[in-house]
1. Name every residue in segment 27-56 that is at pLDDT below 95 and basic (Lys, Arg), in order of residue number.
2. Within segment 97-110, track down each residue that is part of a strand (DSSP E or B) and crowded, with 21+ Cβ neighbours inside 10 Å.
3. Here are the criteria: (1) more than 24 Å from Arg276 (Cβ to Cβ); (2) free of Cβ contacts under 8 Å to residues at least 40 places away in the same chain; (3) in a loop (DSSP other than H, G, I, E, B). Tell me which single one Asp152 does not satisfy.
4. Please find, among Tyr137, Tyr224, Tyr122, the residue that is at pLDDT 95 or above and closer than 22 Å to Ala72 by Cα.
5. Take segment 141-164 and flag every residue that is loosely packed, with under 13 Cβ neighbours inside 10 Å, of a type in the set (Ser, Thr, Tyr) and under 27 Å from Ser65 (Cβ atoms).
6. Identify, from the list Thr175, Thr202, the residue that is modelled with pLDDT under 50, touching a Ser or Thr at 6+ places or on another chain (Cβ under 7 Å) and either crowded, with 19+ Cβ neighbours inside 10 Å or among the β-branched types (Val, Ile, Thr) (or both).
7. Filter segment 57-74 for residues that are aliphatic (A, V, I, L, M) and surrounded by 14 or more Cβ atoms within 10 Å (Cβ to Cβ); which is modelled with the lowest pLDDT?
Amino acid sequence: MAEGQIRQSLSGFYDVFSDGEMYRTRARGNFRKKRVTPLVGDRVRFESSSPKEGYILEILPRDNSLTRPPVANIDQGVVVTAVKAPDFSTNLLDRQLIALEVSRIQPVIYFTKTDLIDDQRYQAFEDLAAAYRRLGYAVCLTREPFASTGLDQLRELLADQETVIMGQTGAGKSTLLNHIAPELTLATGEISTALNRGRHTTRKVSLMPVAGGLVADTPGFSSYDTLTIDYRELGQYFPEFRRLAPDCRFRGCVHVNEPGCAVKAELAAGDVLQSRYDNYLQLLTLLQNQKPVYHKKK
């Protein structure tokens, strides 16, 4: 029995990388009985009589997993964000950051299409980037889109990590990957196929070696699941709120109407971004009004 990592799944076959070699395997039938599906990125134990024939016997514990794309054990997510066309929205950016935080995936922000804005607007993005860096997020922003300084920064971040690239359709995910790894030659614009809306289509999912790390080949990943957390937990996924919460007068403070709230004090002092707080309130209301989802039996 050997250990390895699933690097690709296609039509019920799983390509497992182990000790410098790739082994084509299938999952044992008992996984189906348990309704467990191996995911790309899973660390597994498998046995194999040849590189073309083997079986996955056990899936080792996952650090995390995503449903779109269906991958596991991801270290970071690069949120590709256009400054224009489609129009920039802090709300969408914050929702994507929170979706990653909830999955325990480290976010990285990469701004694209900076050639479409004037210098004054660019300066506003410089200020915004500085604010997000203060929160602990890595931010790639350059005056010229895909300038070497930004790409080099991203290459350093990709090394030794497993990464998903996410962002709105049209934000430039494929173009970014083409700049980072020209050998991949991803067709820009092939977005809908990656979302796999058709029931009978086969979607290959794989982790590709890029810049000394592994990148999930999902340039169409623009959607993320609706948050299913309790509204009282939301503040934990805003790093600045998490840092300030111990200074709030009340434990379990949700930073809305409570007296002695450290988050609101910092907001008033200008040390918490107004846009972040507004987006927090909007999400909080959404979560408070969310009806429980009951899965009907098919």
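1. Residues satisfying the conditions are Arg28, Arg32, Lys33, Lys34, Arg35, Lys52.
2. Pro107, Val108, Ile109, Tyr110
3. Going through (1) more than 24 Å from Arg276 (Cβ to Cβ); (2) free of Cβ contacts under 8 Å to residues at least 40 places away in the same chain; (3) in a loop (DSSP other than H, G, I, E, B) one by one, Asp152 breaks only (3).
4. Matching residue, one of Tyr137, Tyr224, Tyr122: Tyr137.
5. none
6. Thr202
7. Leu66
The values are calculated or read from the model by the stated rules, or taken from the named source; none is laboratory data. Small disclaimer: the values here were computed from a predicted structure and weren't measured. Please note: Cβ atoms are built from the backbone with ideal geometry, for glycine as well, and neighbour counts cover all protein chains shown.
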